[in-house]
Amino acid sequence: MNEVFVSYKREDEARVGRLVQALEGTGLSVWWDRGLSGGESWRRQIQAALDGAKCVIVVWTHDSVGPAGDFVRDEAGQAKRRGVLVPVFFDRVTPPLGFGE
């Protein structure tokens, strides 16, 4: 089980990588989908990591709040229901409906 799950859009991978490095540098164990194996079990792998994380960092960017950010919004919703959501803004964007409080 990882302490931190990072949710982001693939287009933001380079920027998110620096965040992951910084978190790991403090000794935290971080899960992000970069090492995700292919095949049909990828959804199950993501769900297991999301369910097991003590904290879910959701990176809001132009891409993640847009129409193609449905997985990020879904992961954010699950984290919010569990009370483990930590939003991080990489761009000046308005968070999706339901995440602006």
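The values are calculated or read from the model by the stated rules, or taken from the named source; none is laboratory data. Since this is a predicted model, take the numbers as computed values, not measurements. Heads up, the Cβs are rebuilt from the backbone with ideal geometry, glycines too, and the neighbour counts pull from every protein chain shown. Areas reflect the complete protein model, heavy atoms only, side chains present, ligands, DNA and RNA absent. Shrake-Rupley method; radii C 1.70, N 1.55, O 1.52, S 1.80 Å.
Quick check: anything in region 76-91 among the β-branched types (Val, Ile, Thr) and assigned to a loop (DSSP other than H, G, I, E, B)? Within region 76-91 (the criterion being among the β-branched types (Val, Ile, Thr) and assigned to a loop (DSSP other than H, G, I, E, B)), the answer is yes, since at least one residue qualifies. With respect to the conditions (1) touching a Pro at 6+ places or on another chain (Cβ under 6 Å); (2) part of a strand (DSSP E or B), ARG73 lacks only one, and its number is (2). Taking the criterion of being surrounded by 14 or more Cβ atoms within 10 Å (Cβ to Cβ), closer than 24 Å to GLN45 by Cβ and not acidic (Asp, Glu), the residues of region 63-81 that qualify are SER64, GLY69, PHE71, VAL72, ARG73, ALA76, GLY77, GLN78, ALA79, LYS80.
Of the numbered criteria (1) touching a helix residue (DSSP H, G or I) at 6+ places or on another chain (Cβ under 9 Å); (2) at pLDDT 95 or above, the one SER37 fails is (2). Could you tell me whether region 91-98 includes any residue that is under 18 Å from MET1 (Cα atoms) and open to solvent by less than 40 Å² (accessible area, probe 1.4 Å)? No, region 91-98 contains no residue that is under 18 Å from MET1 (Cα atoms) and open to solvent by less than 40 Å² (accessible area, probe 1.4 Å).
Yes/no matrix, rows are residues, columns are (1) over 13 Å from the mean Cα position of the chain (by Cα); (2) of a type in the set (Lys, Arg); (3) open to solvent by less than 60 Å² (accessible area, probe 1.4 Å):
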| site | (1), (2), (3) |
| --- | --- |
| MET1 | yes, no, no |
| SER7 | no, no, yes |
| ARG18 | yes, yes, no |
| THR26 | yes, no, no |
| GLN45 | yes, no, yes |
| ALA48 | yes, no, no |
| ASP51 | no, no, no |
| ILE57 | no, no, yes |
| THR61 | no, no, yes |
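Scan region 15-31 for residues that are under 19 Å from HIS62 (Cβ atoms) and either free of Cβ contacts under 8 Å to residues at least 24 places away in the same chain or among the aromatic types (Phe, Trp, Tyr) (or both) and the total you get is 2. Would you mind finding the one in ASP12, ASP63 that is of a type in the set (Asp, Glu) and either free of Cβ contacts under 8 Å to residues at least 60 places away in the same chain or out of contact with any strand residue (DSSP E or B) (no Cβ under 8 Å at 6 or more places or on another chain) (or both)? Every option except ASP63 fails the conditions.
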